[in-house]
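Here is the structure we will look at, set down as structure tokens.
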Amino acid sequence: MKNYDYKKIEQKWQKRWEDSGIYKISENSFVGLGYVRPKYYLLDMFPYPSGDGLHMGHTESYTSTDVLYRYKKMKGFNVLHLQGFDSFGLPAENYAIKTGVHPKETTRKNMETYIRQMKSLGFGYDFENKVVTSSPEYYHWTQWIFTKFFEAGLVYKKTDRINWCDSCKTGLANEQVEDGRCERCKSEVIQKNIPGWFFKITDFSEELINDLKDLDWPEHTKKNQINWIGKSDGAEIKFKILSLRLKSEISKIEVFTTRPDTLFGVTYCVLAPEHKIIEELKDSIENWKEVNEYLEKTKRKSEMERIEGKEKTGIELKGIKAINPANKEEVPLFIADYVLAHYGTGAIMAVPAHDERDFEFAEKFTLSKICVINPHSYMGTLPGDSLLDATEKTKKNLEKIQKGEVVYVYDGVLINSGKFDGMSSDEAKKAITEFVGGKITKKYRLRDWSISRQRYWGAPIPIVYSPSGEAYTVPKEHLPWLLPEDVDFIPTGTSPLIKSKELKERTEKIFGKGWTSEVDTMDTFVCSSWYYLRYPDPKNEKEFCSKEKLKQWLPVDLYIGGAEHTYMHLLYARFITKAMKKIGLLDFSEPFLKLRHQGMVLDKDGVKMSKSKGNVVNPDDVVGRFGADAVRLYIMFAGPLEDDVIWNENGVVGLSRFLEKVWKLQFLLSIDIKEPNDLKIEKITHKTIKKVGEDLENLKFNTAISQMMILVNVMEKESGLNIKNYKLLILMLAPLAPHITEELWDILGNNQSIHLSEWPKYDESLAKDDKINFVIQINGKVRDVIEVDVDINENKARGLAEKSENIKKLIEGKEIKKAIFVRGRLLNIII
């Protein structure tokens, strides 16, 4: 008996697949002329080609899409499934700084490693049509999109206070800061005034929220994007600023509040440390030295530290007061770093009796609290509970609320609010806003996207400046605006491109003496925010993608990748798509119709893999020891796609044994290859075809494999196995284990690749269950589960229920009022 030699078999078929071009994308596949097959655009989150090669997270994600790619092709779909490399960015540049090797060279070598590893796992990519974001052929179109945004007023330059990583020597978008640290190098982020270019993502805030409802995305991902965008409905209200020394009004501030109904409860106001009015008020602030020290200290804090800071800090601006426009009361004015200049108006009114942050601040600075909402009188609903329940709880604490000992943050009926007493919060919000001359409005937490990076390895921003300093986009005929190579990579806080002699000479040669080029490069997320638009047409030199191919393939049908990209890549890709639609480059507004996340692959102790912990599993190692098919099966069998996977080599061994069983079944085939006479094998085969197909459609790879294991065990033990059913088994297994199935298909005498075969069809009469688990309830509680015929009727179900020992003892001597029968599911006896 010939043994299953996975090394020989996998190398054999990987070479044949490459030589035959089985995965090459033909021109017809792209254009789709004459095709009646439905399209299916399947997309991976493409990798950054680091020196470490593929990790097990890549292996899981890319195996799942490769399985779907093969399955959908067998189902008759015209599938687009390509791969590429997100190859600009800091890691390659930092490695270049460390080694002196140009990032272009390290990126090339790393991509070769990734491609070799992907081929070793049997992934069916056409690498001749790969997309590489650091290639001039690609960033040509990144730059072109920038110029179109510039022409449409969607990009602008300004000097702004941004997140700055002093280790990476570059600015960062808010989304690239994690817990006050650079998401790349983990160094502390500070705030710094830097001139740079911004995309107007805030123009699309409402669309970015509203359009999520139409997407088949995980609910937690939608919720997290909505929270990040941070829409707040409220009002803008003006407060006069009074100088105590001059005893007169010296200025005004405008506050944004979501609770104008609590205006009579304001006991102080707060300005963001960056608020422009502070400098204007400087001469009237008696403790300016102390205030200035606080301002300098705040500059060293990241935005996240300020938002999530456990301890509230601030300082009163002595010598001035704010005037509450509702009751003309003078209240203290503070600066505090928990207020952000870009959110709302950079100024807030503080109502400590009805806001938790304000309450904490008031407690620390011993400020008064005025209760203006009576929780007893409002009978609406509260988030997560009925207001009635909450009211019962708060009744006991009413005295504490009124004394300012407890904060009450919900709506209610107004008290201590003059002529508005007795009015509901909803009514009062509008009435009080009108009373003080304010306006109802909405605000967003989202900031415009800072895309300027003061680093080398990125797409040059295609802007040149006239001798008088005016900015112009580089004309299309000069794109790509090439990244110069005559520079040192060492970051100094200004872009290395400023030192390029070649860039200076090129700019003056094309545009004239005294013209200069922009020296910042683009955030690498700009490159990765549109790559899915390039895959359908990766070699087009005239357009980023032809209209015909956009129409055929876009939007993406299924996108699989990590949930960690929720606030950056996924948000930016949605913005880019919407912006391109707005200016007429696309006719759809969402890039990814369906999104699924894969979990992390953890070590045997459930710990995240990392080089520093020394627990990284190298795909090369495990493929060499167990074979690609066994690794693929294990990573898909270890749990649901969205769950974390515990890497356990014993599990890989188990899947290797399963493949050995499949291999050995060929030697148990009946000599008689006519129609099978073993009904048991026939029925389980057709049930398996049905279940595996349904499971693959729903990305339930683990249960699909489990069902095939059941089938293999039956085939192994029962007599009467024939070629027909064995072929059906290996056809089902082919997307998951492409090498062994290709070999077996060849052994069985088939000339064409199994991966060009049709997905097997099942016979409904054979796939139908004969027996089902039927639930018996009493008064809605499950009391027994019995096996019954699939087509059981109510009378038979009642008869079997009354014979059940579990049910008999519970209904004996009791009146049965009625019985509710749900065909194929349950019988509920009401007593």
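The values are calculated or read from the model by the stated rules, or taken from the named source; none is laboratory data. These numbers come from a predicted model, not from an experiment. With ideal geometry, Cβ positions are generated from the backbone for all residues, glycine too; neighbour counts draw on all protein chains shown. Each accessible area value is taken on the protein alone, full model and side chains, heavy atoms only, with ligands, DNA and RNA left out. Shrake-Rupley method; radii C 1.70, N 1.55, O 1.52, S 1.80 Å.
Is it the case that LEU271 is open to solvent by less than 50 Å² (accessible area, probe 1.4 Å), more than 21 Å from LYS192 (Cα to Cα), among the hydrophobic types (A, V, I, L, M, F, W, C) and modelled with pLDDT of 95 or more? Taking the combined requirement at face value, the residue does not satisfy it. Under the condition of being assigned to a strand (DSSP E or B) and without any contact (Cβ under 8 Å) to a residue 12 or more places away in the chain, the residues counted in the stretch 204-248 number 1.
Can you find a residue that is open to solvent by 60 Å² or more (accessible area, probe 1.4 Å), modelled with pLDDT of 85 or more and on the phi < 0 side of the Ramachandran plot anywhere in the stretch 767-776?
No, there is no match, as no residue in the stretch 767-776 is open to solvent by 60 Å² or more (accessible area, probe 1.4 Å), modelled with pLDDT of 85 or more and on the phi < 0 side of the Ramachandran plot.
Pairs linking a residue in the stretch 723-740 that is in a loop (DSSP other than H, G, I, E, B) to a residue that is of a type in the set (S, T, N, Q) and surrounded by fewer than 24 Cβ atoms within 10 Å (Cβ to Cβ), with Cβ atoms under 8 Å and 6 or more positions apart or on different chains, are ALA734/SER757. Screening the candidates TYR472, TYR408, TYR456 for the property of being aromatic (Phe, Trp, Tyr), open to solvent by less than 50 Å² (accessible area, probe 1.4 Å), farther than 19 Å from PRO136 by Cα and not in a helix (DSSP H, G or I) yields one hit, TYR408.
Residue-by-condition table, conditions (1) modelled with pLDDT of 95 or more; (2) surrounded by 13 or more Cβ atoms within 10 Å (Cβ to Cβ); (3) in contact with a strand residue (DSSP E or B) (Cβ under 6 Å, 6 or more places away or on another chain):
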site	(1), (2), (3)
VAL464	yes, yes, yes
VAL487	no, yes, no
THR492	no, no, no
GLU505	yes, no, no
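So how many residues does the stretch 556-571 have that are closer than 18 Å to TYR535 by Cα and of a type in the set (Ser, Thr, Tyr)? Give the derivation first.
Filtering the stretch 556-571 down to residues closer than 18 Å to TYR535 by Cα leaves 556-561, 569-570.
Still in the running and of a type in the set (Ser, Thr, Tyr): 559.
So the answer is 1.
Yes/no matrix, rows are residues, columns are (1) touching a Lys or Arg at 6+ places or on another chain (Cβ under 7 Å); (2) assigned to a loop (DSSP other than H, G, I, E, B); (3) more than 26 Å from MET45 (Cα to Cα):
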| position | (1), (2), (3) |
| --- | --- |
| THR113 | no, no, no |
| LYS119 | no, no, no |
| TYR125 | no, yes, no |
| TYR139 | no, no, no |
| ILE145 | no, no, no |
| PHE149 | no, no, no |
| THR159 | no, no, yes |
| CYS168 | yes, yes, no |
| GLY171 | yes, no, no |
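Between ASP283, ASP261, the distinction of being crowded, with 20+ Cβ neighbours inside 10 Å, charged (D, E, K, R) and assigned to a helix (DSSP H, G or I) belongs to ASP261 only.
Filter the stretch 677-702 for residues that are open to solvent by 50 Å² or more (accessible area, probe 1.4 Å) and either in a helix (DSSP H, G or I) or among the aliphatic types (A, V, I, L, M) (or both) and give the result.
Applying the first criterion (open to solvent by 50 Å² or more (accessible area, probe 1.4 Å)) to the stretch 677-702 yields 677, 679-680, 687, 690-691, 694, 697-698, 700.
Those that are open to solvent by 50 Å² or more (accessible area, probe 1.4 Å) and either in a helix (DSSP H, G or I) or among the aliphatic types (A, V, I, L, M) (or both): LEU679, LYS680, LYS687, LYS690, LYS691, GLU694, GLU697.
Is there a residue being modelled with pLDDT under 75, open to solvent by 90 Å² or more (accessible area, probe 1.4 Å) and over 41 Å from the mean Cα position of the chain (by Cα) anywhere in the stretch 389-397? There is at least one residue in the stretch 389-397 that is modelled with pLDDT under 75, open to solvent by 90 Å² or more (accessible area, probe 1.4 Å) and over 41 Å from the mean Cα position of the chain (by Cα).
Given the criteria closer than 26 Å to ASN174 by Cβ and among the charged types (D, E, K, R), does LYS613 qualify? So that I can check it myself, show each step before the final result.
Numbers: closer than 26 Å to ASN174 by Cβ: no; among the charged types (D, E, K, R): yes.
Spelling it out, it is not the case that LYS613 is closer than 26 Å to ASN174 by Cβ and among the charged types (D, E, K, R).
The set of residues in the stretch 333-388 being in a strand (DSSP E or B), at pLDDT below 90 and touching a strand residue (DSSP E or B) at 6+ places or on another chain (Cβ under 6 Å) consists of ASN374 alone. For PRO619, the criteria (1) at pLDDT below 95; (2) open to solvent by 20 Å² or more (accessible area, probe 1.4 Å); (3) closer than 29 Å to LYS7 by Cβ hold in every case but one, which is (2).
Only one of the listed residues (ASN751, ASN779, ASN795) is farther than 30 Å from LEU669 by Cα, loosely packed, with under 11 Cβ neighbours inside 10 Å and either modelled with pLDDT under 85 or polar (S, T, N, Q) (or both). That residue is ASN795. All told, ILE816 meets the bar of being open to solvent by less than 80 Å² (accessible area, probe 1.4 Å) and free of Cβ contacts under 8 Å to residues at least 24 places away in the same chain. Among all positions in the stretch 542-564, there is no residue which is part of a loop (DSSP other than H, G, I, E, B), at pLDDT below 95, open to solvent by 10 Å² or more (accessible area, probe 1.4 Å) and in contact with a helix residue (DSSP H, G or I) (Cβ under 9 Å, 6 or more places away or on another chain).
A quick yes/no check of all residues on (1) at pLDDT 90 or above; (2) open to solvent by 40 Å² or more (accessible area, probe 1.4 Å):
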{"site": "LYS608", "(1), (2)": "no, yes"}
{"site": "SER612", "(1), (2)": "no, yes"}
{"site": "ASN615", "(1), (2)": "no, no"}
{"site": "ARG625", "(1), (2)": "yes, yes"}
{"site": "ALA628", "(1), (2)": "yes, no"}
{"site": "ARG632", "(1), (2)": "yes, no"}
{"site": "GLY639", "(1), (2)": "yes, no"}
{"site": "GLU642", "(1), (2)": "yes, yes"}
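For LYS186, the conditions (1) open to solvent by 10 Å² or more (accessible area, probe 1.4 Å); (2) at positive phi; (3) touching a residue at least 60 places away in the same chain (Cβ under 8 Å) all hold with the exception of (3). Per the listing TRP17, TRP13, the residue uniquely closer than 19 Å to ASN129 by Cα, surrounded by 17 or more Cβ atoms within 10 Å (Cβ to Cβ) and modelled with pLDDT of 90 or more is TRP17. Sub-6 Å Cβ pairs linking a first residue in the stretch 572-587 that is farther than 13 Å from LEU533 by Cα to a second residue that is of a type in the set (S, T, N, Q) and surrounded by 23 or more Cβ atoms within 10 Å (Cβ to Cβ), at least 6 apart or interchain, are TYR572/SER529, ordered by first then second residue.
Restricting attention to the stretch 129-150, does a residue exist that is more than 28 Å from the chain's Cα centre (by Cα) and open to solvent by 50 Å² or more (accessible area, probe 1.4 Å)? Looking for residues that are more than 28 Å from the chain's Cα centre (by Cα) and open to solvent by 50 Å² or more (accessible area, probe 1.4 Å), one finds none in the stretch 129-150, hence no. Taking (1) surrounded by 21 or more Cβ atoms within 10 Å (Cβ to Cβ); (2) part of a loop (DSSP other than H, G, I, E, B); (3) of a type in the set (A, V, I, L, M, F, W, C) in turn, PHE575 satisfies each apart from (2).
Is it the case, given these coordinates, that GLY749 is without any contact (Cβ under 8 Å) to a residue 40 or more places away in the chain and of a type outside the set (Asp, Glu)?
Values: without any contact (Cβ under 8 Å) to a residue 40 or more places away in the chain: yes; of a type outside the set (Asp, Glu): yes.
In short, yes.
Considering only residues in the stretch 37-57 that are of a type outside the set (D, E, K, R) and out of contact with any strand residue (DSSP E or B) (no Cβ under 9 Å at 6 or more places or on another chain), the one that is surrounded by the fewest Cβ atoms within 10 Å (Cβ to Cβ) turns out to be GLY51. Do the conditions hold for LYS594, that is, is it open to solvent by 20 Å² or more (accessible area, probe 1.4 Å) and either touching a Leu at 6+ places or on another chain (Cβ under 6 Å) or among the small types (Gly, Ala, Ser) (or both)? The answer is yes for LYS594. In the stretch 613-636, is there at least one residue being touching a helix residue (DSSP H, G or I) at 6+ places or on another chain (Cβ under 6 Å), within 30 Å of ASP214 (Cβ to Cβ), touching a residue at least 40 places away in the same chain (Cβ under 8 Å) and not β-branched (Val, Ile, Thr)? Checked the stretch 613-636: at least one residue is touching a helix residue (DSSP H, G or I) at 6+ places or on another chain (Cβ under 6 Å), within 30 Å of ASP214 (Cβ to Cβ), touching a residue at least 40 places away in the same chain (Cβ under 8 Å) and not β-branched (Val, Ile, Thr).
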